[in-house]
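**Student:** The following block contains the structure, expressed as structure tokens.
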Amino acid sequence: MATGWAGDGAVQEQIDATVEDAIKRARSRLPQGPGRERCEECDAPIPPARRKAVPGVRLCVACQEAHDADEQAASGYNRRGSKDSQLR
């Protein structure tokens, strides 16, 4: 199929690059180093298993879930990936 100036597989290469960038961005936001023993927000103890599973953990599970929900609600990211969905 003719795609104009784009070479064969250009669309897939763009998708792959976008996914790789998103993975790099997500990994860069992960906390590093030793985890905290108590939550930064509510001062609840963070279990040793969570500190071992999530290096650099700063929040307890409840506070992390609330933080993630707030972050997702504020996100303007178009998950459908369609130009049509941006126009609606």
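The values are calculated or read from the model by the stated rules, or taken from the named source; none is laboratory data. The model shown is predicted, which means the values in this text are computed figures rather than measured ones. Heads up, the Cβs are rebuilt from the backbone with ideal geometry, glycines too, and the neighbour counts pull from every protein chain shown.
**Student:** What tally of residues in the stretch 46-64 results from selecting those that are surrounded by 12 or more Cβ atoms within 10 Å (Cβ to Cβ) and either touching a Ser or Thr at 6+ places or on another chain (Cβ under 8 Å) or not small (Gly, Ala, Ser) (or both)?
**Tutor:** Quick first cut of the stretch 46-64, residues surrounded by 12 or more Cβ atoms within 10 Å (Cβ to Cβ) only: 46-47, 50-51, 54-64.
Applying the additional criterion that residues be either touching a Ser or Thr at 6+ places or on another chain (Cβ under 8 Å) or not small (Gly, Ala, Ser) (or both) yields 46-47, 50-51, 54-55, 57-61, 63-64.
Selection size over the stretch 46-64: 13.
**Student:** Still on this structure: Please tell me if Glu40 is modelled with pLDDT of 90 or more and under 16 Å from the mean Cα position of the chain (by Cα). So that I can check it myself, show each step before the final result.
**Tutor:** Working: modelled with pLDDT of 90 or more: yes; under 16 Å from the mean Cα position of the chain (by Cα): no.
Considered against the rule, which asks whether it is modelled with pLDDT of 90 or more and under 16 Å from the mean Cα position of the chain (by Cα), Glu40 comes out as no.
**Student:** Could you go through the stretch 18-25 and let me know if any residue there is part of a loop (DSSP other than H, G, I, E, B) and either within 16 Å of the chain's Cα centre (by Cα) or at pLDDT 95 or above (or both).
**Tutor:** Taking the stretch 18-25 and keeping what is part of a loop (DSSP other than H, G, I, E, B), we get none.
No, because not a single residue in the stretch 18-25 is part of a loop (DSSP other than H, G, I, E, B) and either within 16 Å of the chain's Cα centre (by Cα) or at pLDDT 95 or above (or both).
**Student:** All but one of (1) in contact with a strand residue (DSSP E or B) (Cβ under 8 Å, 6 or more places away or on another chain); (2) loosely packed, with under 13 Cβ neighbours inside 10 Å hold for Ala26; state the number of the condition that does not hold.
**Tutor:** Here Ala26 meets the rest and fails (1).
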